[in-house]
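Data block below; observations after.
The values are calculated or read from the model by the stated rules, or taken from the named source; none is laboratory data. What you see is a predicted model; the values in this text were computed from it and never measured. Here the Cβ positions follow ideal geometry from the backbone for every residue, glycine too, while neighbour counts run over all protein chains shown.
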2 protein chains.
Amino acid sequence: MLLYHDPRAPNPRRVRVFLAEKGVAYDTIEVLISEKAHQTPEFRKKNPIALLPVLELADGRVLRESMAICRFVEESHPEPNMFGADAWERAQIEMWNRHAELELLLPIAQVFRNTHKFWEGRIKQAPEFAEVMREHVAERLEWLDGELGRRSFMGGDRFSVADITAMCALDFGKVVDIRLNRETHPNLHAWHKRVSERPSAKA
Amino acid sequence: MLLYHDPRAPNPRRVRVFLAEKGVAYDTIEVLISEKAHQTPEFRKKNPIALLPVLELADGRVLRESMAICRFVEESHPEPNMFGADAWERAQIEMWNRHAELELLLPIAQVFRNTHKFWEGRIKQAPEFAEVMREHVAERLEWLDGELGRRSFMGGDRFSVADITAMCALDFGKVVDIRLNRETHPNLHAWHKRVSERPSAKA
């Protein structure tokens with residue numbers, strides 16, 4: 001397997017952490033967004049909408065979208081289980097993975113895109129929207145801190161793909177000064193320490 | 001099963017169309033966003049972040065997030081299959097369902113939230129961002145029109161959850177004047193006619 005990725009982007013990191021948890025070996029090709037390598041005609045043959053990550057199989061088949069890639073890997077490498085062991089756990093993990101993505105990762109990405117110098121001159125920025133998203137994330141962190149007071153991990157009492165998404169979102173948040181605070185988010189802070197100590201977090 | 005929904009919102013419709021395809025019977029409770037019924041303390045007990053849809057099971061368990069709900073129903077009612085019959089088809093359908101959600105439904109929802117009178121005075125609107133999203137959707141429709149020239153449905157050669165997401169997104173787009181055009185999007189236009197003729201489209 002060959003993973004096209006950018007070491008600094010959060011969605012490729014979701015896949016790298018997932019593959020590390022699975023203990024799956026793979027090769028990588030760096031496609032640096034900072035150098036517009038994702039927009040070359042060559043890369044657009046892999047992904048016409050120029051997004052990362054992309055997984056290429058040995059037979060040349062190509063798969064886009066981080067969660068499509070992770071689910072595909074889960075099928076061929078079922079252990080350790082990351083998407084749930086029965087119907088209800090799978091539903092819970094999907095729900096929390098989507099909360100982590102839609103309520104944290106996407107809003108944080110919008111703060112980044114619409115305020116950060118990195119994107120100046122590359123895209124049309126709307127800083128007013130970024131402020132709305134920044135407030136949104138602050139509210140969601142308060143809510144999630146309460147949730148993490150009732151269980152050890154995002155999707156239940158064990159580590160799952162929902163933790164990977166939330167960890168990648170919050171680590172990426174630092175680039176726009178969105179940070180967990182030990183005093184105001186004690187449960188999330190403890191959860192973040194717990195997931196960050198796993199060897200996969202370095203992937 | 002009891003579905004909390006708003007008849008006019010796109011995410012609850014994804015679940016209703018899915019349940020119609022499955023032929024599953026269920027009860028409904030309307031939670032009208034226009035009347036702020038999603039923000040009452042009573043509804044927040046079902047969903048603390050005040051989003052629709054929510055599914056409540058006979059035993060009182062509650063599930064949020066349209067795709068978590070659909071996946072859960074797929075487990076108990078496997079036919080007709082909507083998420084893929086083997087690992088590669090499941091990966092393809094997940095990829096296209098995510099494209100339909102992330103590249104169409106979410107951007108269209110942002111155009112709606114950030115420009116429509118419905119939200120005036122309810123949320124902080126950022127019309128500048130809506131314009132960026134409107135351009136984004138136009139580009140993605142052009143791309144998807146090419147894709148639908150090569151197959152009959154979003155995720156392959158048969159109807160799947162990816163078609164439900166794309167149909168609900170594009171039907172919702174009309175409220176902000178995002179429309180398919182027979183001349184510029186001939187393949188998407190034909191696909192839309194095909195999926196809209198299914199009885200489930202009325203759900």
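Yes or no: the range A:171-191 includes at least one residue that is aliphatic (A, V, I, L, M) and within 11 Å of another protein chain (Cβ to nearest Cβ).
Our first condition is that a residue be aliphatic (A, V, I, L, M); within the range A:171-191, this holds for A:175-176, A:178, A:180, A:188, A:190.
Within this subset, residues satisfying the condition of being within 11 Å of another protein chain (Cβ to nearest Cβ) are none.
Checked against the condition, which is being aliphatic (A, V, I, L, M) and within 11 Å of another protein chain (Cβ to nearest Cβ), the range A:171-191 yields no hits at all.
For the range B:66-86, the count of residues that are of a type in the set (Val, Ile, Thr) and farther than 28 Å from A:His77 by Cβ is zero.
Only residues that are surrounded by 23 or more Cβ atoms within 10 Å (Cβ to Cβ), small (Gly, Ala, Ser) and at the interface with chain A (Cβ under 8 Å from one of its Cβ atoms) were counted in the range B:87-119, giving 1. Of a type in the set (Gly, Ala, Ser), under 30 Å from A:Glu75 (Cα atoms) and assigned by TED's automatic domain parsing to the domain that holds A:His99 - does that describe any residue in the range A:163-186? Yes, the range A:163-186 contains at least one residue that is of a type in the set (Gly, Ala, Ser), under 30 Å from A:Glu75 (Cα atoms) and assigned by TED's automatic domain parsing to the domain that holds A:His99. Sub-8 Å Cβ pairs linking a first residue in the range A:181-203 that is in contact (Cβ under 8 Å) with a residue 60 or more places away in the chain to a second residue that is not hydrophobic (A, V, I, L, M, F, W, C), at least 6 apart or interchain, are A:Arg198/A:Glu21; A:Ser200/A:Glu21; A:Ala203/A:Arg13; A:Ala203/A:Arg16, ordered by first then second residue. Just the residues that are in contact (Cβ under 8 Å) with a residue 60 or more places away in the chain and among the polar types (S, T, N, Q), please, taken from the range B:22-73. Passing the criteria: only B:Ser34.
Considering each residue of the range A:29-72, count those that are more than 11 Å from chain B (Cβ to nearest Cβ) and closer than 30 Å to A:Ala85 by Cα, and give that number. If you could, list the steps in order and put the result at the bottom.
Within the range A:29-72, the first condition is being more than 11 Å from chain B (Cβ to nearest Cβ), and the residues that meet it are A:29-43, A:45-46, A:52-53, A:56, A:58, A:60.
Narrowing the set further to residues that are closer than 30 Å to A:Ala85 by Cα leaves A:52-53, A:56, A:58.
Result for the range A:29-72: 4.
Within the range A:124-142, is even one residue out of contact with any Gly (no Cβ under 7 Å at 6 or more places or on another chain), within 22 Å of A:Glu21 (Cβ to Cβ), more than 9 Å from chain B (Cβ to nearest Cβ) and modelled with pLDDT of 95 or more? The answer is no; no qualifying residue exists.
Can you tell me how many residues within the range A:73-86 are within 8 Å of chain B (Cβ to nearest Cβ) and either more than 19 Å from B:Asn97 (Cβ to Cβ) or aliphatic (A, V, I, L, M) (or both)?
Step one: filter the range A:73-86 for residues within 8 Å of chain B (Cβ to nearest Cβ), giving A:75-76.
Adding the requirement that they be either more than 19 Å from B:Asn97 (Cβ to Cβ) or aliphatic (A, V, I, L, M) (or both) leaves A:76.
Summing the residues that are within 8 Å of chain B (Cβ to nearest Cβ) and either more than 19 Å from B:Asn97 (Cβ to Cβ) or aliphatic (A, V, I, L, M) (or both) in the range A:73-86 gives 1.
When you go through B:Val111, B:Val62 one by one, which is the residue that is over 30 Å from A:Val54 (Cβ atoms), at pLDDT 95 or above and β-branched (Val, Ile, Thr)?
On the way: B:Val111 fails: over 30 Å from A:Val54 (Cβ atoms).
Testing whether each residue is over 30 Å from A:Val54 (Cβ atoms), at pLDDT 95 or above and β-branched (Val, Ile, Thr) leaves just B:Val62.
Is it fair to say A:Phe153 is within 30 Å of A:Pro78 (Cα to Cα), surrounded by fewer than 22 Cβ atoms within 10 Å (Cβ to Cβ) and touching a strand residue (DSSP E or B) at 6+ places or on another chain (Cβ under 8 Å)?
Values: within 30 Å of A:Pro78 (Cα to Cα): yes; surrounded by fewer than 22 Cβ atoms within 10 Å (Cβ to Cβ): yes; touching a strand residue (DSSP E or B) at 6+ places or on another chain (Cβ under 8 Å): no.
No; evaluated as a whole, the condition is false for this residue.
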